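What follows is one structure encoded as C-alpha cells, with my remarks underneath.
What follows draws every value from the coordinates through simple rules; no lab data is involved. Owing to the predicted nature of the structure, the values given are computational and were not obtained by experimental measurement. Neighbour counts run over all protein chains shown; Cβ positions are idealised from the backbone, glycine included.
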Amino acid sequence: SGRVRRSGPVDIAGRVVARRDMGKATFVDLQDGSGRIQVLLRQNQLGDELYDALRLVDLGDFIGVHGVPMRTRTGQPTVGARTWAMLAKALHAPPEKYHGLADIELRQRRRYLDLMANEETRRTFTIRSQVVSAVRRFLDSRGFLEVETPILQEAAGGAAARPFITHYNALGEDRFLRISLELHLKRLVIGGMDRVYEIGRNFRNEGMSAKHNPEFTMLESYEAYADYNGVARMAEEMVSSVAGEVLGQTTVQFRGHEIDLAPPWRRLTLHNALKQYGALDIDEFGTAEKLRSELERRGLSVHPGLGWGKLVDEAMSHYVEPNLVQPTILLDYPVELSPLAKRKPGNPKLVERFEAFIGGFECGNAYTELNDPLDQRARFEEQLKLREAGDEEVELVDDDFLFALEHGMPPCGGFGMGIDRLVMLLTGQSTIREVILFPQHKTVKD
C-alpha cells in the first residue's frame, strides 16, 4: 500500500490501521512497509454480501483490495475498491497509536507491537540496517574482506570481560561465547589476509546500562602495515561517510547537543585530558598506591585490587569521558589496560592506542597491534598477576594465539566500533536498548 500512482486498476494489501463507517460507504487505512493508503469501500460497488462482510474486519487484520486510484473531495489519494478479501485475522487489537504502548519495557519485550504502533521505531531500525550496509560498503571499497569467525571459542580473549560459558556435548568440553572478534581476525592477518573485517555479535556476562547490553554488535577491522594514526584517519572518515550516506548530513542531534562528525576530529592524549578536565597530573602519582590515595581523597570509590592503569581508566571515566561531546580521539593509554597493543616508543608505560569519544561516551577503540610474541606472552602473564590480585576483568592467556603470533604478524592497525552505539548516535536515542530489536530483559513469569 501507500504508492498508488497508476490510473488503471491496482492490487494492494496491508494491515487495517484505521476505519470509518459512513452507512453505505466505509473508509479504511491500510499500512505496510512502504507506507499508508486510504481505501474507499462502497456498497454499490462491492455488492451486499462483500460489503456486509466488512463487519468482520477489525483493526489489525490484513486485507487485500482490487480497485482503481481516485481522489476524494478533499483531494486525498484513495483506492476505490471493486473487491476485497481477508488475508489474515488478528485476534488481539493493535496498540493505540499514541497511548496504547507507553511502557518502555513492554515496547522492548514485544517489539512487534512497538514497530506496529510507532513510526519512529520503524525509522530507527531502518536506519540501523542502512548503517550496517554503509559500513560494509566503506570497508569493501577500501579493499577489506568481510570474514566470519567462531562465536563458540575455546578461550575467551581479545577483551577484559566476563564471558558466558556453555558446554559442547559432542566434544565433552566447555566453550565460551566470544567476548571479542580480535584474536581470530589477527590469526587471519598472520595467515596473509592483509585487510579483514567482521560485523558480529559479542557476548559479555556483565551489567546492563544505557550503553551496555550483554549481547551486542561489533565491527572490528585489521589492516596490515597500518598504525593507530592511520586507523584514526580511517575511523573518522568512516563515521562521517556513513552519516552522510544514511542521513544526508554529517551533523547529528544527540542528548541536547549538535555534533559535527566531519573530520578531522580533535586529538588529545589521555595524559593531557586528565590535566584539562580533572586537574590531575598522573605523572605525579606514578604508582597504584599513590594514585588510589589521590582518587580516594577526591571522593572517588575505587576497588582496592586495581592496578595503576585501571585507576587511570577510572579517573578518565569520571573526569574526561562525559566532557568529550564533539568527536575526540583520545590517545596513548597505560600498557596495563591494553595487553594486545604495541608499546609507545620512548615511554614503556604507554601503548599506541586510542579510543574515539562522541556524545560523552566511547564508540571506538584502536591499537597499533602488538606483534612481538615474547612481549605478548609477558603481557598475558602480567594480566594473570592482576587477576590473582583481585581484578577479574583481565585478558587471559591464549596459548594457541601466541603460537600463531610466533609465526610472525606484520605491523598492523586494528579498530573496533560498537554498531549499537553508532546507531544510537545517528538516531538520537539515549539508550542502547532502543536500537536493539530484542534487548535482554529479566524473564517475567505469568
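Scanning residues 5 or more positions from Ala18 or on other chains, those with amide H under 5 Å from its amide H are Asp29, with H placed 1.01 Å from N in the peptide plane.
Expressed as a rounded percentage, what relative contact order does the range 10-88 have, with Cα pairs under 8 Å and six or more residues apart?
Relative contact order for the range 10-88 comes out at 32 percent.
Computed over the range 47-134, relative contact order equals 21 percent, with contacts defined as Cα pairs under 8 Å that lie 6+ residues apart.
Starting from the Cα-Cα distance between Arg136 and His407, subtract it from 0.36 nm times their residue separation and give me the gain in nm to one decimal. Walk me through the intermediate numbers first.
Details: separation 271, 0.36 × 271 = 97.56 nm, distance 2.99 nm.
Stretched out fully, the Arg136 to His407 stretch lengthens by 94.6 nm.
Would you mind calculating the gained length between Leu247 and Asn347 on full extension (0.36 nm times residue separation, minus the Cα-Cα distance), in nm to one decimal?
Working: separation 100, 0.36 × 100 = 36.00 nm, distance 4.18 nm.
Difference between extended and current length: 31.8 nm.
When the P(r) is computed for the range 155-246, the part past 17 Å accounts for 63% of the Cα-Cα pairs.
For Ile165 and Arg297, FRET efficiency with R0 = 35 Å and r from the beta-carbon atoms, rounded to 0.05?
Working: r = 40 Å, r/R0 = 1.13.
E(calc), rounded to 0.05, equals 0.30.
Converting phi to 3J(HN,Hα) with the Karplus coefficients 6.51, -1.76 and 1.60 and the offset θ = phi - 60°, the range 106-113 yields 5, 4, 7, 5, 10, 4, 4, 6 Hz in sequence order, with x at every glycine or proline. How fast does the range 15-145 diffuse by Stokes-Einstein, in µm²/s, taking the Kirkwood radius from C-alpha pairs at 25 °C and 0.890 mPa s? Rounded, D is 143 µm²/s. The reciprocal of the average 1/r between distinct C-alpha atoms defines the Kirkwood hydrodynamic radius, which for the chain equals 25.3 Å.
For Thr269, nonlocal amide neighbours, meaning residues 5 or more places apart or on other chains whose placed amide H falls under 5 Å from its own, are Leu331.
Given the alpha-carbon gyration tensor of the range 318-446, what are the semi-axes of its equivalent ellipsoid in whole angstrom, ordered largest first, with each equal to the square root of 5 times an eigenvalue?
After diagonalising the Cα gyration tensor, the semi-axes are 31, 20, 15 Å.
Karplus-derived 3J(HN,Hα) values for the range 22-33, using 6.51 cos²θ - 1.76 cosθ + 1.60 with θ = phi - 60°, are 9, x, 8, 9, 10, 9, 10, 9, 9, 10, 9, x Hz; glycine and proline are entered as x.
Compared with the dominant principal axis of the Cα atoms in the chain, helix 119-141 is inclined by about 50°.
In this calculation the C-beta distance from Glu258 to Glu382 is compared with R0 = 56 Å, giving a FRET efficiency of 0.80.
P(r) tail, the range 68-138: Cα-Cα pairs separated by more than 16 Å, 68% of all pairs. Applying 1/(1 + (r/R0)^6) with R0 = 25 Å to the Cβ-Cβ distance of Ala85 and Glu119 gives a FRET efficiency near 0.40. Each residue, Glu96 and Asn205, gets one label point 7 Å from its Cα in the Cβ direction; the gap between the two is 4.5 nm.
With Rg and the Kirkwood Rh both taken from Cα atoms, where does Rg over Rh land for the range 204-311? Please report the intermediate quantities before stating the final value.
Values: Rg = 18.6 Å, Rh = 17.8 Å.
Rounded to two decimals, Rg/Rh equals 1.05.
Here the relative contact order of the chain, from alpha carbon pairs under 8 Å that lie six or more residues apart, stands at 14 percent. Label-to-label distance, Asp58 versus Phe438, with points set 7 angstrom from Cα along the beta-carbon direction: 2.5 nm. Our summary of shape: the Cα atoms of the range 332-385 have principal axis extents of 38, 25, 17 Å, ordered from largest down, in whole angstrom. Taking label points 7 Å from Cα along the Cα-to-Cβ direction, Lys290 and Phe27 give a separation of 7.7 nm. The alpha carbon convex hull volume per residue for the range 10-88 rounds to 86 Å³.
Can you sort Glu258, Glu236 by how many other beta carbons sit within 10 Å, fewest first? The partial results should precede the final answer.
Working: Glu258 10, Glu236 19.
With the fewest neighbours first, Glu258, Glu236 line up as Glu258, Glu236.
For Arg82, the residues whose amide H sits under 5 Å from its own are His66, Gly67, Val68, ignoring neighbours fewer than 5 places away on the same chain, with H placed 1.01 Å from N. In order along the range 297-314, the phi-based Karplus estimate (6.51 cos²θ - 1.76 cosθ + 1.60, θ = phi - 60°) of 3J(HN,Hα) comes to 4, 7, x, 7, 9, 10, 5, x, x, 6, x, 4, x, 5, 5, 4, 5, 4 Hz; Gly and Pro are listed as x.
Peptides 347-358, 141-152, 303-314 ranked from most to least packed give 347-358, 303-314, 141-152, packing being the mean of other C-beta atoms within 10 angstrom over each peptide's residues. From helices alone, the chain scores -9000 deg cm²/dmol at 222 nm; the rule is -39500 (n - 2.57) for each run of n ≥ 4 DSSP H residues, then divide by the residue total.
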